[in-house]
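Here's the structure, in structure tokens; my notes come after.
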């Protein structure tokens, strides 16, 4: 079935900048303009691009976005099929290639898939359904208003006639396109797919080892590449023993690649191409010798950053992010004043599928098979690096074996494209785990120097945070920023959010829940400190804060259209999830075993409101066990378009947060990462996971929003706050393993 349907005004209503920007305290809709500038203007979406109905009734629906394990490959087709009123047994799902002119924005990042596509995908289904009704009404010579649909059939009850979508498809393609404004969308009570669990369409292939991931891709005549870069970030090749490498068995090519000047696209190195990847790796590991110019970053280290941050914290801040009242004066009259320094390290993404990409350059055109979260951006960088037009690049989206933000950056795509252009045959580039960890775009480290004051009634009256981070010339490094609106901003009468920046040669980027994954640990831990200083129950202290009348939000940047104005933090929604998680966990009502306590935390990010409780024991002084976790979220009216996926994502967020808390840390020494593999960077093991993770969604009268990011941040402080309740020792830096702790 081919139709020409018009989309709604814009598909770009996103909740964060896709690359993971300063999305911390509230939803910054001006990022919509950034997306538009990066990926092109909004386009008209055509159902013919998404929906094909065969004469036998099989309905093929294109999943346009990259699938990274978040379930979007089934979620977006569910939205279309719901309003199409299809029978799910008739539906087949296919992954779309990159084609922004056809599919609009194709991206996996920032929990954007739901808010961007909630309306457009349903409208496409509804328009197609109406055209099928029009086809039936014309065929039967009856009013359209008398026709109904159900399970891939159109019915005319009065004449007892019905027809399948397959029988009507050809004629429906000739029907006029209905205006989306005239369409009546389904009442949520009638949903048959939305809010009901649907299986991952790739699950059988994954379980039986069939090729679905980028690392699986192969084609006739393909060679295999390894790409060696300087261990020091920004280092360059001086010389390499290429002739010795070329003499090794199976080696077809070995050559130096010069940097492009854009470190997010192409860093210089040595490419080795062989008949098999193992031959290429063997040559790299055992024969290749490179003389490197390590550059200025070789003088940098995590120790230097930490020392510098302390020195900078004692000086005047570089900038004021927000200032309300007079915090210094309020400290002077506060009944209790608490000061604390918090820090967190660089983190590597470590998806189980290392970076890889395949490409074939022929006759001036490039074909790419890429596991990328931002494929359009990758095509732009690749075209610029190769000096070709973007229209001469065809990109096929492959399923990703994880990413967590790492695949927002497309350096591996550019690398294989440069290699493919030089050798002229199909080639697959595959990084080793060590290369993956040594050449990441790391979650930035950060340093917070906090001071808070509570009055005699236990009310928070003053807050000051001097945040020392990375950046230059007033611009934060990627994902290293802090918003002046970050909670408890606007809810404390005397508030000061300050920042200072130091330069760094370490590549940084977005990691799952960009910024929030670390900020929540700091903010919710220090709030917990203040609650205890005030002698208040931690849940009640937070509820009291949320009950304050908020100060006005900061004005958006000059020239921001009204439609793009920021959406501020909604205290009522956060009170709802906090109250619910306290009730579900039995907070304050459950008698716990010895050496066991509960900790609580909440955070707002990527339009999601989450409050979480962890039941934790600490035995022997250092053995930590999370027995149970409660996660309560408010992501709008649906509470998870696909409940199974929503539960999996939320449980996975808890597991990943526990890895962040205990074992994850990248130490920089002499300008390079110290950790090289999982033996030095241990993820949570199955035996260390909680016995139960309770997931619950509070449904509110708000548009559905994404879930990949916001469930993670509160769990880390919930755990460390519980540890304090047991031990009396406050955790102010991560990971816990550096302080002698381990999972029991």
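Annotation: residue 457 fulfils all but one of (1) surrounded by fewer than 24 Cβ atoms within 10 Å (Cβ to Cβ); (2) touching a residue at least 12 places away in the same chain (Cβ under 8 Å); the unmet one is (2).
The single condition among (1) within 28 Å of the chain's Cα centre (by Cα); (2) outside any loop (DSSP other than H, G, I, E, B); (3) buried (at least 19 other Cβ atoms within 10 Å of the Cβ) that residue 194 does not meet is (2). Can you name the residue in region 675-685 that is within 30 Å of residue 232 (Cβ to Cβ) and without any contact (Cβ under 8 Å) to a residue 60 or more places away in the chain and is also surrounded by the most Cβ atoms within 10 Å (Cβ to Cβ) among such residues? Applying the filter and picking the extreme gives 682. Among residues that are closer than 15 Å to residue 70 by Cα, buried (at least 21 other Cβ atoms within 10 Å of the Cβ), at pLDDT 95 or above and not assigned by TED's automatic domain parsing to the domain that holds residue 111, residue 381 is not included.
When residue 256 is tested against the conditions (1) under 30 Å from residue 490 (Cβ atoms); (2) surrounded by 15 or more Cβ atoms within 10 Å (Cβ to Cβ); (3) free of Cβ contacts under 8 Å to residues at least 24 places away in the same chain, the lone failure is (1).
Applying the condition of being within 16 Å of residue 642 (Cα to Cα) and not in a helix (DSSP H, G or I) to region 96-125 and asking which residue is farthest from the chain's Cα centre (by Cα) yields 112. What number of residues within region 622-648 satisfy the criterion of being farther than 30 Å from residue 594 by Cβ and in a strand (DSSP E or B)? Final tally of qualifying residues: 2.
Quick one: how many residues across region 713-739 are more than 9 Å from residue 601 (Cβ to Cβ) and either free of Cβ contacts under 8 Å to residues at least 24 places away in the same chain or assigned to a helix (DSSP H, G or I) (or both)?
Initial filter on region 713-739 (more than 9 Å from residue 601 (Cβ to Cβ)): 722-739.
Those left that are additionally either free of Cβ contacts under 8 Å to residues at least 24 places away in the same chain or assigned to a helix (DSSP H, G or I) (or both): 722-729, 736-739.
Matching residues across region 713-739 total 12.
Filter region 628-643 down to the residues that are within 16 Å of residue 74 (Cβ to Cβ) and surrounded by 24 or more Cβ atoms within 10 Å (Cβ to Cβ) and list them by number. Steps first, please.
Pass one, region 628-643, residues within 16 Å of residue 74 (Cβ to Cβ): 638, 640-643.
Residues satisfying the conditions are 640, 641, 642.
Scanning region 129-154 for residues being closer than 19 Å to residue 88 by Cβ and surrounded by fewer than 18 Cβ atoms within 10 Å (Cβ to Cβ) gives a total of 3. Residue-level analysis places residue 688 outside the set of residues that are buried (at least 17 other Cβ atoms within 10 Å of the Cβ) and in contact with a helix residue (DSSP H, G or I) (Cβ under 7 Å, 6 or more places away or on another chain).
Just wondering, is there one or more residues in region 334-348 that are assigned to a loop (DSSP other than H, G, I, E, B) and either free of Cβ contacts under 8 Å to residues at least 12 places away in the same chain or over 30 Å from residue 310 (Cβ atoms) (or both)?
Here is the first cut: in region 334-348, the ones assigned to a loop (DSSP other than H, G, I, E, B) are 334-335, 345, 348.
Imposing the further condition that a residue be either free of Cβ contacts under 8 Å to residues at least 12 places away in the same chain or over 30 Å from residue 310 (Cβ atoms) (or both) reduces the set to none.
The answer is no, given that none of the residues of region 334-348 is assigned to a loop (DSSP other than H, G, I, E, B) and either free of Cβ contacts under 8 Å to residues at least 12 places away in the same chain or over 30 Å from residue 310 (Cβ atoms) (or both).
Only one of the listed residues (314, 391, 365) is out of contact with any strand residue (DSSP E or B) (no Cβ under 6 Å at 6 or more places or on another chain) and either closer than 30 Å to residue 531 by Cα or in the same structural domain as residue 483 (by TED's automatic domain parsing) (or both). That residue is 314. Any residue in region 449-460 that is outside any loop (DSSP other than H, G, I, E, B), out of contact with any helix residue (DSSP H, G or I) (no Cβ under 6 Å at 6 or more places or on another chain) and under 17 Å from residue 266 (Cβ atoms)? Looking for residues that are outside any loop (DSSP other than H, G, I, E, B), out of contact with any helix residue (DSSP H, G or I) (no Cβ under 6 Å at 6 or more places or on another chain) and under 17 Å from residue 266 (Cβ atoms), one finds none in region 449-460, hence no. For region 543-563, a tally of residues being farther than 16 Å from residue 483 by Cβ and modelled with pLDDT under 95 returns 5. The set of residues from region 174-186 being crowded, with 17+ Cβ neighbours inside 10 Å and over 35 Å from the mean Cα position of the chain (by Cα) comprises 175, 178.
Here is the figure for region 461-480: residues that are free of Cβ contacts under 8 Å to residues at least 60 places away in the same chain and in a loop (DSSP other than H, G, I, E, B) total 3.
When you check residue 349 against the structure, is it in contact with a helix residue (DSSP H, G or I) (Cβ under 7 Å, 6 or more places away or on another chain) and farther than 30 Å from residue 398 by Cβ, yes or no?
Numbers: in contact with a helix residue (DSSP H, G or I) (Cβ under 7 Å, 6 or more places away or on another chain): yes; farther than 30 Å from residue 398 by Cβ: no.
No, not satisfied.
Inside region 547-557, residues that are in contact (Cβ under 8 Å) with a residue 40 or more places away in the chain and either surrounded by 22 or more Cβ atoms within 10 Å (Cβ to Cβ) or over 28 Å from the mean Cα position of the chain (by Cα) (or both) make up a count of 4. Reported count of residues in region 644-674, each being surrounded by fewer than 19 Cβ atoms within 10 Å (Cβ to Cβ) and in contact with a helix residue (DSSP H, G or I) (Cβ under 8 Å, 6 or more places away or on another chain), is 3.
For region 217-322, which strands (runs of 3 or more DSSP E) that fit wholly inside it have 3 or more residues that are in contact with a helix residue (DSSP H, G or I) (Cβ under 8 Å, 6 or more places away or on another chain) and closer than 28 Å to residue 378 by Cα? If you could, list the steps in order and put the result at the bottom.
Working: elements: 223-229, 236-240, 251-257, 269-274, 290-293.
Strands (runs of 3 or more DSSP E) meeting the threshold: 223-229, 251-257, 269-274.
The condition of being loosely packed, with under 14 Cβ neighbours inside 10 Å, farther than 26 Å from residue 739 by Cα and touching a residue at least 40 places away in the same chain (Cβ under 8 Å) holds for only one of 289, 323, that being 289.
If residue 426 meets every condition in (1) surrounded by fewer than 22 Cβ atoms within 10 Å (Cβ to Cβ); (2) in the same structural domain as residue 505 (by TED's automatic domain parsing) apart from one, which number is that one? Result: residue 426 fails condition (2) only. Looking at region 577-592, which of the residues that are in contact with a strand residue (DSSP E or B) (Cβ under 8 Å, 6 or more places away or on another chain) and surrounded by fewer than 18 Cβ atoms within 10 Å (Cβ to Cβ) is nearest to residue 633 (Cα to Cα)? It comes out as 584.
The values are calculated or read from the model by the stated rules, or taken from the named source; none is laboratory data. As the structure is a prediction and not an experimental result, all values here were calculated from the model. All Cβ positions, even for glycine, are placed from backbone atoms using ideal geometry, and neighbour counts span all protein chains on display.
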